[in-house]
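The values are calculated or read from the model by the stated rules, or taken from the named source; none is laboratory data. In this text the structure is predicted, and so the values were computed from the model without any measurement. Neighbour counts run over all protein chains shown; Cβ positions are idealised from the backbone, glycine included. Protein only, heavy atoms only, side chains kept; ligands, DNA and RNA dropped before computing areas. Shrake-Rupley method; radii C 1.70, N 1.55, O 1.52, S 1.80 Å.
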Amino acid sequence: MRSRIKSKLILFVLAAGLVAWPLTSLYGYVTKGADKPDAERLLFQVSLFQIELLNRFLQDAARSADTRELDSLKQALYTASYTHERLVLAEGSEKLHTLGSLPQLMQYILRLQIGGERALKADEQGVLQESAKLYAQLYEAYGKLMTSSGSVVTSQSEAVSKNDEALRELLEKKLLQ
């Protein structure tokens, strides 16, 4: 009789263990997901930081006197472009668009610096100042691009694209001159 009770107890413990193990695993999976921050939201924060840095460097570049002062702008351009492209890949190109003005601005800066260190001409400074104004508008819309829950705000995405297009067109005209 004791062996019968003992075997039933062992079967009960095994059955309880087989039921409890998946339940605890499921509970751990559900609660771990709640503590983990949204990767796209974090990537947006990094991208926004790089876009903000680029805005500051572009505002400084608008007051530059020579081409040597544009080196930090080039570096900020590269990192902002890189992080935004990764954000577009993470979110999808139907929600976010690439910033075509950033490669154009890089080409313009390289064109200015190709001749070595020299003073910037008045029209070149004017282009940098106009670019800084247009980019400031892009930056303002970019800051409102994503909600705190991690979803893309369509109206802000369109505003970013509109400002990006205006800046791209300005730079394209200057590059073709």
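The listed residues are Thr154, Thr147, and the only one of them that is among the β-branched types (Val, Ile, Thr), open to solvent by 80 Å² or more (accessible area, probe 1.4 Å) and farther than 18 Å from Glu69 by Cβ turns out to be Thr154.
In this structure, is Leu99 touching an Asp or Glu at 6+ places or on another chain (Cβ under 7 Å), closer than 17 Å to Ala166 by Cα and in contact (Cβ under 8 Å) with a residue 60 or more places away in the chain?
Working: touching an Asp or Glu at 6+ places or on another chain (Cβ under 7 Å): yes; closer than 17 Å to Ala166 by Cα: yes; in contact (Cβ under 8 Å) with a residue 60 or more places away in the chain: yes.
Yes, satisfied.
When Leu58 is tested against the conditions (1) under 17 Å from the mean Cα position of the chain (by Cα); (2) buried (at least 21 other Cβ atoms within 10 Å of the Cβ); (3) part of a helix (DSSP H, G or I), the lone failure is (1).
From the list Gly116, Gly150, which residue is over 29 Å from Glu40 (Cβ atoms) and either part of a loop (DSSP other than H, G, I, E, B) or in contact with a His (Cβ under 8 Å, 6 or more places away or on another chain) (or both)? Working first, answer last.
On the way: Gly150 fails: over 29 Å from Glu40 (Cβ atoms).
The match here is Gly116.
Any idea which residue in the range 26-47 is farthest from Gln75 (Cα to Cα), counting only those that are open to solvent by less than 40 Å² (accessible area, probe 1.4 Å) and modelled with pLDDT of 90 or more? Filtering the range 26-47 for residues that are open to solvent by less than 40 Å² (accessible area, probe 1.4 Å) and modelled with pLDDT of 90 or more, the one farthest from Gln75 (Cα to Cα) comes out as Phe44. If only residues of the range 89-132 that are of a type in the set (D, E, K, R) and surrounded by fewer than 16 Cβ atoms within 10 Å (Cβ to Cβ) are counted, the one that is farthest from Gln59 (Cα to Cα) is Glu94. Out of all the residues in the range 5-19, is one or more out of contact with any Ser or Thr (no Cβ under 6 Å at 6 or more places or on another chain), in a helix (DSSP H, G or I), surrounded by fewer than 10 Cβ atoms within 10 Å (Cβ to Cβ) and modelled with pLDDT of 75 or more? Looking for residues that are out of contact with any Ser or Thr (no Cβ under 6 Å at 6 or more places or on another chain), in a helix (DSSP H, G or I), surrounded by fewer than 10 Cβ atoms within 10 Å (Cβ to Cβ) and modelled with pLDDT of 75 or more, one finds at least one in the range 5-19, hence yes.
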